[in-house]
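To keep things clear, I will list the structure first and then write my remarks on it.
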Amino acid sequence: MALSDEVFDHNPDPENPGWNHWNLKDQSLFNGAIMGKLITRVEGKRCRLRMIPERKHENLQGVLHGGTTLSLVDISLLTTMHTIGSGNAGPSVTVELSTQFVGGGDPKRPLDAVSEIVRETGSLVFIRGTVEQEEDCIAAFSGIVRKFRPR
């Protein structure tokens, strides 16, 4: 059993056929406590990570807080690495994240990070993607993840 199986619930989501959970088993940690339920699916060579926004994810203007979007992007890097790459996402870390916001997120619609692997080396995964709400682009991003190496 991989470490990711010990800490993650990535089983099929019966409420959303074709999607899998992407949740930490310990819901008191950041992902569960702040982000809420996350689901994912593979679409060809891309990974889609979805969250359902709640009131707590809004800013004073009534749109999704940028920190919510950035958190989804950060989590999506590891989701992508796990679902379409070769890494064990559990203890891996983000070493760089660049994000360009191009629109405000609607708190009444699901928020998706759609990403792909640009290149994977022995210790790093280079990922790029967009944050979307249906046909609307909210942000573009790229990031680098350092893979976990057992000692």
Q: Go through segment 93-132 and give me each residue that's in a loop (DSSP other than H, G, I, E, B) and either within 16 Å of the chain's Cα centre (by Cα) or among the small types (G, A, S) (or both).
A: G103, G104, G105, P110, G122, S123
Q. Taking segment 133-151, which residues are surrounded by fewer than 17 Cβ atoms within 10 Å (Cβ to Cβ), assigned to a strand (DSSP E or B) and touching a Lys or Arg at 6+ places or on another chain (Cβ under 9 Å)?
A. D136, A140
Q) Got at least one residue in segment 48-58 being β-branched (V, I, T) and either buried (at least 21 other Cβ atoms within 10 Å of the Cβ) or touching a strand residue (DSSP E or B) at 6+ places or on another chain (Cβ under 6 Å) (or both)? A) no
Q. So which residues in segment 16-29 are of a type outside the set (S, T, N, Q) and touching a strand residue (DSSP E or B) at 6+ places or on another chain (Cβ under 8 Å)?
A. G18, W19, H21, W22, L24, K25
Q | Pair list, Cβ < 8 Å and 6+ apart or interchain, from segment 72-91 residues that are under 12 Å from G129 (Cα atoms) to residues that are aromatic (F, W, Y) and at pLDDT 95 or above | A | V73/F141
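The values are calculated or read from the model by the stated rules, or taken from the named source; none is laboratory data. Being a predicted model, the structure only gives us computed values, none of them experimental. Glycine also receives a Cβ, built like all others from the backbone with ideal geometry; neighbour counts cover every protein chain displayed.
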